[in-house]
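Have a look at the structure below before the remarks.
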Amino acid sequence: VVLALPAAAAVAVFGSLYGAAARGFFGVPLTLASSLLVYSGALQFALVALLGAGATILPLLLTAVVLNLRHLVLGAALRARFESGPLWRALLAFFLADETFGFAIAAGNAASPPAVGAATERTLLYSGLTLYVAWFVGTIVGVLGGGLAAAEGLAGALFPVLFIGLASMAVLRRSHVVRALAAALLTAAVALLLPDLRLLAPVVAGVVVALPGRDG
Amino acid sequence: MSALVLATLALITYASRAAAVVLLPRPSARFETILSRIPAPIFASLATATLLSDASALAGGPTLWATAGALLATPARSLLACLIGGAAGYALGALLG
């Protein structure tokens, strides 16, 4: 949870930007409800952009399906570590996000083999709650007109740093470094050549480089 | 956007989160090996994606300095070290202007 606090601060900043931007499209009650019920920064910002462009319901729903596809991959990777029953896993699933996935995987990697499941589940819950509260509080601040735009640059810089740190902790073998570099290059290539697929590129690249070869 | 559309979006999002976590049986050893290879590449990819804006342009100076600082700290394999490296890089980048 302590290591999740910088991420929570950045999430709160973006939550405030979301709240300020969404208020005009959704109204205050639905803006707050969206952060409470959806809890997905990527999707919520995409919704604002789509509504701003005059999109109808179908594009909104299709965007939600496409953007959320990555959760299937992240969830499958976590499922391999989870040991609790389906009801508890159903609760934990709500807190699955890119950042919380990273914290949970890192905690599992740092734990002794018998404690991997418990450490992964506990960290997903605590970091998920921390970021969920930060996102909602940020949204409230934004809705009330207190957007933290001045901190956007600093908050934006935190995410690549956070993901680099999580990547370094997720590396268990030398081959993982090679796969990570290959995935980064693949993502950059997709972002430059097929910008419309930019948001899907990280998960697709992660899966593509994970499939071939042996570990070494 | 209506409350019904919002509820549908929330349902789609939760279903995507829960599908694998709740419904998938514990994977086989072979599948588990492949899944164990996924996190590091995904994080490296997410780091790359966050450095590229909507127009696929590279992020601004301080962010790149922060990234470099975090990369220099990766041999420590510590999130805290990377955060400190990133903060130092960001400060340096902001100073150099």
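Values in this text are rule-based calculations from the coordinates and carry no lab data. What you are looking at is a predicted structure, and each value in this text was computed from that prediction instead of being measured. Heads up, the Cβs are rebuilt from the backbone with ideal geometry, glycines too, and the neighbour counts pull from every protein chain shown.
Both the radius of gyration and Dmax for the stretch B:13-97 are 17.5, 53 Å, in that order, over alpha-carbon atoms. In chain A, the calculated helix contribution to ellipticity at 222 nm averages -25500 deg cm²/dmol per residue, counting -39,500 (n - 2.57) for every DSSP H run with n ≥ 4. Partner chain Cβ atoms within 10 Å, averaged over the residues of A:184-195 - can you pull that number for me? Taking all residues of A:184-195 together, the mean is 5. Taking every residue in B:23-30 and counting other chain Cβ atoms within 10 Å of its Cβ, the average works out to 3. Helices meeting the span-like rule in chain B (full DSSP H runs, Cα extent of at least 20 Å along the helix axis, mean Kyte-Doolittle score of 0.5 or higher): B:3-18, B:79-96.
Counting only complete DSSP H runs, which helices of chain A cover 24 Å or more along their long axis at the Cα atoms and score a mean Kyte-Doolittle of 1.6 or above? Sorted by number, the helices that extend far enough and score high enough are A:57-79, A:152-170. Counting other Cβ atoms within 10 Å as a rough exposure proxy, the listed residues A:LEU30, A:LEU192 run A:LEU192, A:LEU30 from fewest neighbours to most. Among A:ILE140, A:ILE105, the order by Cβ neighbours within 10 angstrom, fewest to most, reads A:ILE140, A:ILE105.
Within 10 Å of the Cβ of each residue in B:74-87, the mean number of Cβ atoms contributed by other protein chains is 6. Converting the Cα gyration tensor eigenvalues of chain A into ellipsoid dimensions via √(5λ) gives semi-axes, longest first, of 29, 21, 17 Å. Within the shell defined by Cβ-Cβ distances under 15 Å, the residues around A:SER84 carry a net charge of +3, with Lys and Arg each +1 and Asp and Glu each -1.
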